[in-house]
Each structure stands twice: as structure tokens, then as C-alpha cells.
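Structure record follows, encoded as C-alpha cells.
The values are calculated or read from the model by the stated rules, or taken from the named source; none is laboratory data. The structure presented is a predicted model; accordingly, all values stated were derived computationally and were not measured. Quick reminder, even Gly has a Cβ in these numbers, built from the backbone with ideal geometry, and neighbours come from all protein chains shown. Note: accessible area is taken over every heavy atom of the protein model, side chains too, but ligands, DNA and RNA are not part of it. Shrake-Rupley method; radii C 1.70, N 1.55, O 1.52, S 1.80 Å.
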Amino acid sequence: MENIKNLPIDIQNSKLLDWLLDRRHCNMKWQSAVKIIREKINAAIQDMPENEEIKQLLSGSYIHYFHCLRIVEILKGTEASSKNIFGRYSSQRMKDWQEIVSLYEADNVYLAEVASLLIRNVSYEGPALRKQLTKAQQLQQELSRREVECQSSAAELRERYFAACKQYGITGDNVPRELQALVKDLPAVLDEVGKDAAKLEEQIQLYAAFTKFVCDWSEPVLPMLTFSQKKGNTTFYEWRTGKVPTVVEGPVMEEALSESVADDVIDWGDFGKGTDAAGAGITVEDGVDWGISLEPTSEDAGADGIDWGDCEAAPIEIEIVDAGTNCPEGVARGEDALSILENSQSRSQFIDELMELEVFLTQRISEMGEESDVVAMSQFQLAPSVIQNQTRGHVRETLSQVQDLLGRLTSLRMQHLFMIHASPRYVERVSEVLRQKLKQADILVLKAATMAERRQEALQEQSRLEPRVDILAARTRELQKLTEADISKRYHNRTVNLMGVNI
């Protein structure tokens, strides 16, 4: 018997209520009794004395039997004046709370209610609060990650914007005007290329002599380069007819139209507005995809596209004249009025011949590295002196001159300048594509700010939940100790352990 008293009583918290009912400590109908008690508690708390401890007991917590015991103890001090000679209190407050305690103690209703509270706190309230807390912490991490991603993506888009502007040769402060301003420098740049073409005489003569010696080629080689080497960047009319024009009419009309479109017609809108950038990539002719279209899409033709102004009030008449059609002798008009490097047809031929010359010189350098043997040297004994006197180092120098000219004409900046010169709508397309990068960057910045706000809200939610979890854990531990002590008294003060009480 003595050994049994020393054995602890271990009760699983989730089975506590069943354990109390099985051992007849509580009645099966305890819930009905608790309902009546709750109604009396709700009525009693309407009239309570001004006491700080009572306020804390009644503030936001479920009032159970042990709270009621403490309230009665406090009322013994506040209601002492109402105690008669028989030791009874005439105060209604005291009577109400004493009745509540008596109802709780009948059939140990309080013990069943406390067991139910423990089970609910451990199995439902605690996990629910922990789940909300974990969710708030995970949400903060996710929002923080997405905020950083938005900021880095926005920075990347801005870098791409300025990198694209750098490729075009502009700062990006006012894209349409800067692009239009680039075209004004195009004739001077092309004239410089035409002047430098005069330095290709040696390369052209070497290529002509080599083809004649090796292939007995009688036709003229590199006609456009030969013409440019002698005449420079002259008009297409002179290249086509061999005569210097007395009147040049075309470029004035084109320049006026370009200025009209740039300043008076196109409504560039705001960098914060625009269509989706995904619709801006279309293939251009000649097999080169510049990522920009010269033709408007169906969306561009709508109200959100280009504002062409009042066409009836200020009509612009453009006369298109085919080269050589109804033109007086000596008058360069239309495409004939353009220089050979401005005219797309002659410019393409000029670039093709430069590439042909580049390939020849590159191949010649490679062959000269293999012509050290006697057989190879004997093959060129009858070659013209212009071929025999060449050294590999000198050919490399002449190749670099050709490559320099080719690079200046085919650089990305020059390609865009030619496109802008050919179509003012290209300026709009480029502006739209660049505008989209800035717009997307701005959207991502706003998105990052939204993520920061939501992360702050999640942090506030975490700050609100953490004290609730601590309070619930403290109250549950308190209930656990009171319940263990109460059960222990019923079993001759044997140690009682409630297992699994964790919040």
C-alpha cells in the first residue's frame, strides 16, 4: 500500500476528461450545468467593484472555477462591511459569486470544465495560433525575397534601357528628339566614310590585278568601291548616269517631312504609358531582325497609337517620282538626289564590295603564310609587281583599313541611323520599346513597395500573435498545475502528471 502511494499518476492530457468521467469524478451531464453557470457569471460581472486584480481576471480570458475562487477572496476584503454577526454577507455581489462557486463544486463540474479547457488549448487554440504565427513568418520571408527580386529586376531593366540608349548613341533623357537629332549628323558621317574610301586605291588595284592574273578576269571588279574611291560620297544620280547633276531636289522635301513628323505630328505620350513591349519585335527586310518594325500594327492604328493631327487642315503632299521618270536632264530627284551611301541600294552594294575585299585580303594573308616553299614562290614569278611586292604585314594594314570602313558602316548605331532616316515611324517604334523598359522598371518598383508594405503587415501580425501564444502557454501551465494539485488531493496527495501539455 505504501508503494502505491509513491507511484505517480500519469494522465495523457487528451484523455483527461474521459479519465475523470470513467472514475466518476465528474457527471456525464456537466455541460448542461456549465451552461447555467456561464449565464450566472455573465450576469455577475456586470456589477463588480473597482479593483485592479479583478479587472485583470476579467479582461479577455475565459473565467473558470479558479478565477471565481480568487474573485470571492477579493470580495471578502471589498465587501467586509456587509458581513453580519453570523459570518454571512448581505452583499449581493458576494452572494452571486458564492453561488457560482457552489454550482461549480457540485458534482465537480469545475474539474470537467478545466479538463475541457486544457484539451481545447493544447489541441486547438495553441496549434491554431502557432499556425498563424508560422504563416506570418513564412509570408515575411517570401515577401522579402520577392521584394529583392523586384528591385533587382527593376535595376536590370534600367541598365538594359541605358545600355540600349548607349547603343543608339543617345543619353535617354528625350529619346524621340535625340534619335531625330542623330539623323542630322548622318550626311557628315557618310561623307567622312566617302573620303576615307579614297584610301582604298591600293587594295582595289591589288584585288583587280590578282583576279586578272589568276582567273584572267576581264570584267571590272568592285565597281562601286572604284567609283567611290575616285568620286567620294557623291549623288546616286551621278553613279547611275555618270554625270554631275545641276539641280538636287530630293533631300529638302525629305528633311522637311522628317521635322514635321518629329515635332508636329507624333504624340509621344508619357514614359509611364504605352503598349506591351512584346508586340514590338518584327523582322525587317534583307534578312536582318533588328527587333523593330517599320510598319504599324493594327493596335498602332487605333486611338492609342500615333496622333496624325488634322490632316484636312494641314495636308502634306508627297510626290513619289521613279528615278529617271519625267525628270529633266541634269535634275536629281527622289532617290537619285540621295548620296550613294544614303541610298539603300547603292549602300548595300558598297558594303557587299567592302566585304568581298575583306574576304580576299583575309584569304591572301592566310595564303602568304604558306608560300614560303619554292613551288609556291615559282607560281608568282610571272605575277605583276603589285602582287609580288606585297608583304604579309602590309596586307594586314590594308585589311585593317577595309575593316575599319566596314565596321563604321555596319555598326548597330549606323544601322539604326539608316532606319531612322528611312522611316520616321521607326523612331516611334524605338521610343516605344525603350519606353516599355522604363515602364516595366517603374511597375516593378511599385510592386517592390507593395511587397514591403505587406511584409510590414505580416511583421505586425507576428508581433500581435507572439504575446497571445505566450499568454495562452502561461495560462495553460497554470491550469495544468491547479488540475494536478486538485486530482492529487483526491488520491492521498500522490504525484499527478498531465502529459502532453505543450503550447
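Looking at region 183-222 only, could you name the residues that are over 30 Å from G169 (Cβ atoms), assigned to a helix (DSSP H, G or I) and of a type in the set (V, I, T)?
I204, T211, V214 - these are the residues of region 183-222 that are over 30 Å from G169 (Cβ atoms), assigned to a helix (DSSP H, G or I) and of a type in the set (V, I, T).
How many of the residues making up region 393-422 are at pLDDT below 85, of a type outside the set (A, V, I, L, M, F, W, C) and touching an Asp or Glu at 6+ places or on another chain (Cβ under 9 Å)?
Counting residues in region 393-422 that are at pLDDT below 85, of a type outside the set (A, V, I, L, M, F, W, C) and touching an Asp or Glu at 6+ places or on another chain (Cβ under 9 Å) gives 1.
Filtering region 145-166 down to residues that are under 23 Å from E453 (Cα atoms) and hydroxyl-bearing (S, T, Y), which residue is least open to solvent (accessible area, probe 1.4 Å)?
The extreme case among them is S153.
Answer with yes or no whether R455 is outside any loop (DSSP other than H, G, I, E, B) and surrounded by 15 or more Cβ atoms within 10 Å (Cβ to Cβ).
Details: outside any loop (DSSP other than H, G, I, E, B): yes; surrounded by 15 or more Cβ atoms within 10 Å (Cβ to Cβ): yes.
So R455 passes the test.
Within region 468-483, is even one residue in contact (Cβ under 8 Å) with a residue 12 or more places away in the chain, in a helix (DSSP H, G or I), under 30 Å from E159 (Cβ atoms) and open to solvent by 40 Å² or more (accessible area, probe 1.4 Å)?
no
I need the full set of residues from region 21-70 which are basic (K, R) and under 19 Å from K95 (Cβ atoms), in order please.
The answer is R38, K40, R70.
Can you name the condition, by its number, that K135 falls short on among (1) in contact (Cβ under 8 Å) with a residue 12 or more places away in the chain; (2) part of a helix (DSSP H, G or I)?
Tallying (1) in contact (Cβ under 8 Å) with a residue 12 or more places away in the chain; (2) part of a helix (DSSP H, G or I), K135 fails exactly one: (1).
Specify which of the listed residues (V214, V252, V288) is modelled with pLDDT under 85, within 53 Å of the chain's Cα centre (by Cα), over 25 Å from R333 (Cα atoms) and surrounded by fewer than 17 Cβ atoms within 10 Å (Cβ to Cβ).
V288
Rundown of residues vs (1) at pLDDT 90 or above; (2) touching a Ser or Thr at 6+ places or on another chain (Cβ under 6 Å); (3) closer than 30 Å to A136 by Cβ; (4) of a type in the set (A, V, I, L, M, F, W, C), yes/no style:
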site: P467; (1), (2), (3), (4): yes, no, yes, no
site: T476; (1), (2), (3), (4): yes, no, yes, no
site: E484; (1), (2), (3), (4): yes, no, no, no
site: N502; (1), (2), (3), (4): no, no, yes, no
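Which ranges mark the helices (runs of 4 or more DSSP H) fully within region 10-74 that have 1 or more residues being within 23 Å of V496 (Cα to Cα), modelled with pLDDT of 90 or more and open to solvent by 90 Å² or more (accessible area, probe 1.4 Å)?
It comes to 16-22.
Which residue pairs have Cβ atoms closer than 6 Å, lie 6 or more positions apart in sequence or on different chains, and pair a first residue in region 167-187 that is open to solvent by less than 80 Å² (accessible area, probe 1.4 Å) with a second residue that is among the β-branched types (V, I, T)?
Close Cβ pairs (under 6 Å, with a partner that is among the β-branched types (V, I, T)) amount to P176/V427; E178/I170; L179/I420; L179/V427; V183/I420.
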